[in-house]
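Worksheet: the structure to be examined is printed underneath.
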Amino acid sequence: MKSLFVCLLLALAGQSLAQSENDFLEYLMDIQSRAEEVHQMMENTFDDIRSQMSDQLVELNRQLIARMNEALEEIEDVREDTEAFVGDSSAPGTCVDVVVANWGNEIEWVGQALSNCASRANLEITARTADVHAALEAAQVASTELQNIVVRGFIDWNAIDYTEELSDIVGAQIEDREDYFHRITHPNLNRVLQTIADLDDNLLPEIVTCVQRGVERFSNYGQTLAQSQEEFVEYLLEIQYQAEAIHQLMEGTFDNVRFSMSDQLVELNRLLIARMNEALEEVEQIREDTEAFVGESSAPASCVDVATANWAIEIDWVGQALSRCASRANVEITSRTADVHAALEAAQVASTELQNIVVRGFIDWNAIDYTEQISAIVGAQIQDKYDYFSRITQSNLERTLQAIFDLDDNLLPEIVTCVERGVERFNNYGRVIRDTLFFCSQ
């Protein structure tokens, strides 16, 4: 009786009955390699999106810092001129008291006004960068799934009865994911990235207007602050550069984690595919041997009928068994990669916040009363973020990444055992058929 499974393998590979295990394994690997190409294309796109967002935020924050500093300079000039005028005034003391009665309140007000402007800027920047991170995270998960798409294919179809459809099923899945990426994901990433670029055209003028209104009111009331504009701009930007250096350090770490995870998943899936393919070869050999024995047996037909009554059920069972093994592998891989993505996303948000930390500083303290403390306040914030990254974030990333590497030592043996049990049961059932027919023919 011609083996159905052999026919399926023939339809799958387009080769003869003598197709070797290595040929079929190579075929499976070719499919996985195609998936890996699409995955790498997606990853390159994600890196480009992150790089563009980083560059745009650097420039935006330079402009915001410069304008906030210019506002402080203008306020300083107004304050110096007004206080000098008051000091030189020959007006009666009672008149002076009345005129400057709200002096302290106005100083406080203009500082709060600049803080409010910075807060509006920070809220908008945070919201738009969060949109980019969310879009990247969703796309990243879909991209990573491509790395074990062949193993996942064993879950969706019985590996024995539907092997001929491997190319159609998994190939279609790869094409669908690539098509979805080009039609939906990439345009969506470009859209959310464009909202960052648009900040130059809408947020920046809005914040400039906000700052100008605060300065104008203060100027009308006549008050001031001190320090040279050129030196102070350089000082503020130097602090921002320190933050940017730490941001780049973090981003480099994130890239290393992504690359390491990708390389490890490629190798893990090669091993899983190889073992699943080996199992299919073993099952096929058992099936051929058993059906050949049945065909050549001289046992009575009634004995043959009894011995082979559940043969089709066992064939289906071993296919389902291999599917369940693949499902266990996929669940574990998906769970651990999700942990890495979650850790990366949390760390990515903290890293991005460093890019506008000076602007955000205007929210936390009155820019008029506490300008002299900018080094201590923002510098401490930068140091805290770096310290947290070194102590907590990096360790957490290493822990979740190690969980991926540990799959070689725990998941792989578990799946190998799962597969071997399925093949062993199928082999035992074939042996029972052969033994039964042997005794019936005596």
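The values are calculated or read from the model by the stated rules, or taken from the named source; none is laboratory data. Note that the coordinates shown come from a computational prediction; the quantities given were computed from them, not determined experimentally. Glycine gets a Cβ as well: all are built from the backbone with ideal geometry, and neighbour counts include every protein chain shown. Keep in mind that these areas ignore ligands, DNA and RNA; they rest on the heavy atoms of the full protein, side chains included. Shrake-Rupley method; radii C 1.70, N 1.55, O 1.52, S 1.80 Å.
Between D198 and D316, residue separation times 0.36 nm minus the direct Cα-Cα distance comes to 36.7 nm.
Over all other residues within a Cβ to Cβ distance under 15 Å of L268, the charged ones net out to -4, with Lys and Arg as +1 and Asp and Glu as -1. Accessible area per residue (1.4 Å probe, heavy atoms of protein chains only) ranks E59, E74, E37, E251 as E37, E59, E74, E251, with the largest value leading.
The phi-based Karplus calculation (6.51 cos²θ - 1.76 cosθ + 1.60; θ = phi - 60°) puts the 3J(HN,Hα) values of region 188-199 at 5, 5, 5, 5, 5, 5, 4, 5, 5, 4, 5, 4 Hz, whole numbers, x for Gly and Pro.
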